[in-house]
Amino acid sequence: MGHILIIDDEEQLRKLLGRIISLEGFKVTEASNLKTAEEMLERQETDVILCDVKLPDGNGVDFVKKIKKVNPAIEVILLTAYGNIPDGVQAMKNGAFDYIVKGNDNDRIIPLLHQALEHAAVHRKSLVRTKVKPEADFNSIIGHSSAIQQAIALARKIAPANSTVLLTGETGSGKEVFANAIHLNSARRSNSFVAINCSAFSRELLESELFGHKAGAFTGANKDKKGLIEVAEGGTIFLDEIGELHIDLQAKLLRVLENGEFIKLGDTKISKANVRVIAATNRKLPTQIQEGKFREDLFYRLNVFAIELPPLRERKEDIPLLIQAFIRQFSPEYIEDEKKISPESLQLLQRYNWKGNIRELKNVIERSLILSGIEEIRPEHLPYEIQQQSTPTDSNFSLAAVEKDHISRILHFTKGNKAKAARLLQIGLATLYRKIEEYQLQ
């Protein structure tokens, strides 16, 4: 539903607000000062902050500016006992979502939280980042297969140039990782890297997000807003799912690529842009051109350098390396002994088709580590569809194997509800527990 952080030194009011908000289904955490709040924000994901203006160790109006620099996706609603116009104006300039008076505006808090959450969700979907982690370099791309090494070699050559790059390949094949690495190996590395998923927005909202707008450009545009192209000035903008970009916006992007110019929504003045564009798509753009959904001239501007990323099923020799990397990521306590996966499980994972590519493998390992606990990952810890694609042997046709498979299917159907599974199997619950233990089912 959303995670709300309340910052207020008045304990009674803070507890009351927390109770009211949690009853609406929100997850709530509390802090009595800014220092505690900053520590919490480092440890937890937060969507919206409700913050008092006057706090023992600082001012909420200044805190908004600090938060927006660190994480622009978090929305901040300021609470004050005594509202004044200068504070309110400065709060909005600093990026506050709203500025309300305690007591007078109590009825507005819940509706405001819902609005702020929607706004925060839009920012999260845009995946905006003004910095990339140093470890996102080419050396962090995992794999020794010839397919991935060829892609890395080409990207290394392209990176120092200022040319546009088009990354193609299936969803989850690592296009954004490559975009990060290209940026870090370019002359623009010290400037912003900004990423946006073009499929996450409506046409109108995407235009505003990309190119910015002037106050009054549309309903709700209360102040001027920088677009992501302007935010990325001097750096790189990564346009993921470029094939989803509306045909009208394609013309505006083409102007950026050809002339380094754009016009904000509601403006008449031309703005200048100095950005490198890296685009990515899982669609066949030539097919979209034939269907009239993508501009041919834009395609040729984007396709100056094209890199096709291989799907995971074409680089299965890299799967063991990827698995160990994800185990280290999700279970750092096992760095010393890289056990954690049985040979049978590894065989199943290497045999699987991986339609979701690296992203799907990562999710599977994270899930399996949770299920396996301190044990190694065994076949029963893997998703059902992976377990069931093993190669048949004589033992697979035994009555015990059939029974084990049937019980496993029923447990999967009931999402682990053993009482329900026993009823469907028409056996006693004690018998089911015995069978689970006998067949080592999870």
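The values are calculated or read from the model by the stated rules, or taken from the named source; none is laboratory data. Bear in mind the structure is a predicted one, so any value in this text is a computation, not a measurement. Here the Cβ is made from the backbone with ideal geometry for all residues, glycine too, and neighbour counts use every protein chain on show.
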Per the list (1) hydroxyl-bearing (Ser, Thr, Tyr); (2) modelled with pLDDT under 90; (3) closer than 30 Å to residue 260 by Cβ, residue check on residue 163 breaks on (2)
The correct count of residues that are out of contact with any strand residue (DSSP E or B) (no Cβ under 8 Å at 6 or more places or on another chain) and modelled with pLDDT of 90 or more in the stretch 366-379 is 2
The condition of being more than 28 Å from residue 173 (Cα to Cα) and at pLDDT 95 or above holds, among 295, 276, 255, only for 255
Test residue 257 against the criterion of being of a type in the set (A, V, I, L, M, F, W, C), in the same structural domain as residue 180 (by TED's automatic domain parsing), within 24 Å of the chain's Cα centre (by Cα) and not in a loop (DSSP other than H, G, I, E, B), and give yes or no.
no
Screening 190, 173 for residues that are touching a helix residue (DSSP H, G or I) at 6+ places or on another chain (Cβ under 9 Å), part of a loop (DSSP other than H, G, I, E, B), at pLDDT below 95 and in the same structural domain as residue 236 (by TED's automatic domain parsing) leaves only 173
Scanning the stretch 190-208 residue by residue, those touching a Ser or Thr at 6+ places or on another chain (Cβ under 9 Å), closer than 20 Å to residue 161 by Cβ and surrounded by fewer than 20 Cβ atoms within 10 Å (Cβ to Cβ) turn out to be 191
The correct count of residues that are touching a helix residue (DSSP H, G or I) at 6+ places or on another chain (Cβ under 8 Å), hydrophobic (A, V, I, L, M, F, W, C) and either under 13 Å from residue 308 (Cβ atoms) or surrounded by fewer than 13 Cβ atoms within 10 Å (Cβ to Cβ) (or both) in the stretch 141-157 is 5
Within the stretch 147-169, the residues that are in a loop (DSSP other than H, G, I, E, B), farther than 13 Å from residue 185 by Cβ and under 26 Å from the mean Cα position of the chain (by Cα) are 164, 169
Within the stretch 201-219, the count of residues that are hydrophobic (A, V, I, L, M, F, W, C) and assigned to a loop (DSSP other than H, G, I, E, B) comes to 4
The one condition residue 229 fails out of (1) under 19 Å from residue 179 (Cα atoms); (2) modelled with pLDDT of 95 or more is (2)
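For every residue, the table says whether it meets (1) out of contact with any His (no Cβ under 8 Å at 6 or more places or on another chain); (2) under 23 Å from residue 155 (Cα atoms); (3) among the aliphatic types (A, V, I, L, M).
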residue	(1), (2), (3)
191	yes, yes, no
200	yes, no, yes
225	no, no, no
245	yes, no, yes
252	yes, no, no
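Results for (1) surrounded by fewer than 18 Cβ atoms within 10 Å (Cβ to Cβ); (2) in a loop (DSSP other than H, G, I, E, B); (3) not charged (D, E, K, R), shown as yes or no for each residue.
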position	(1), (2), (3)
221	yes, yes, yes
229	no, no, yes
234	yes, yes, yes
238	no, no, yes
274	yes, yes, yes
286	yes, no, yes
inquiry  = Could you go through the stretch 185-193 and let me know if any residue there is over 25 Å from residue 355 (Cβ atoms) and within 16 Å of the chain's Cα centre (by Cα).
reply    = yes
inquiry  = Criterion first (outside any loop (DSSP other than H, G, I, E, B) and surrounded by fewer than 18 Cβ atoms within 10 Å (Cβ to Cβ)) does residue 371 satisfy it?
reply    = yes
If we keep only residues of the stretch 405-427 that are at pLDDT 85 or above and among the small types (Gly, Ala, Ser), then the residue surrounded by the fewest Cβ atoms within 10 Å (Cβ to Cβ) is 419
Result of the Cβ filter at 8 Å on the stretch 310-329, keeping first residues that are within 15 Å of residue 141 (Cβ to Cβ) and partners that are surrounded by 13 or more Cβ atoms within 10 Å (Cβ to Cβ) and basic (Lys, Arg), at least 6 apart or interchain, is 322/362; 326/362
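Every residue, every condition in (1) closer than 24 Å to residue 150 by Cβ; (2) not polar (S, T, N, Q), yes or no:
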residue	(1), (2)
256	no, yes
262	no, yes
273	no, yes
302	yes, yes
329	no, no
361	yes, yes
Contact list, first residue from the stretch 48-71 and in contact (Cβ under 8 Å) with a residue 12 or more places away in the chain, second anywhere and acidic (Asp, Glu), beta-carbon distance below 6 Å, six or more apart or interchain, is 48/75; 52/8; 55/9; 56/9; 60/52; 61/87
**Request:** Say whether the condition of being crowded, with 18+ Cβ neighbours inside 10 Å, hydroxyl-bearing (Ser, Thr, Tyr) and over 27 Å from the mean Cα position of the chain (by Cα) is met by at least one residue in the stretch 43-66.
**Result:** no
In the stretch 3-32, anything surrounded by fewer than 18 Cβ atoms within 10 Å (Cβ to Cβ), within 14 Å of residue 55 (Cα to Cα) and either modelled with pLDDT of 95 or more or hydrophobic (A, V, I, L, M, F, W, C) (or both) is listed as 13
So residue 281, is it in contact (Cβ under 8 Å) with a residue 40 or more places away in the chain and either in the same structural domain as residue 171 (by TED's automatic domain parsing) or more than 14 Å from residue 166 (Cβ to Cβ) (or both) | yes
Selection from the stretch 9-55 of residues of a type in the set (Lys, Arg) and under 28 Å from residue 84 (Cα atoms) yields 14, 15, 19, 35, 54
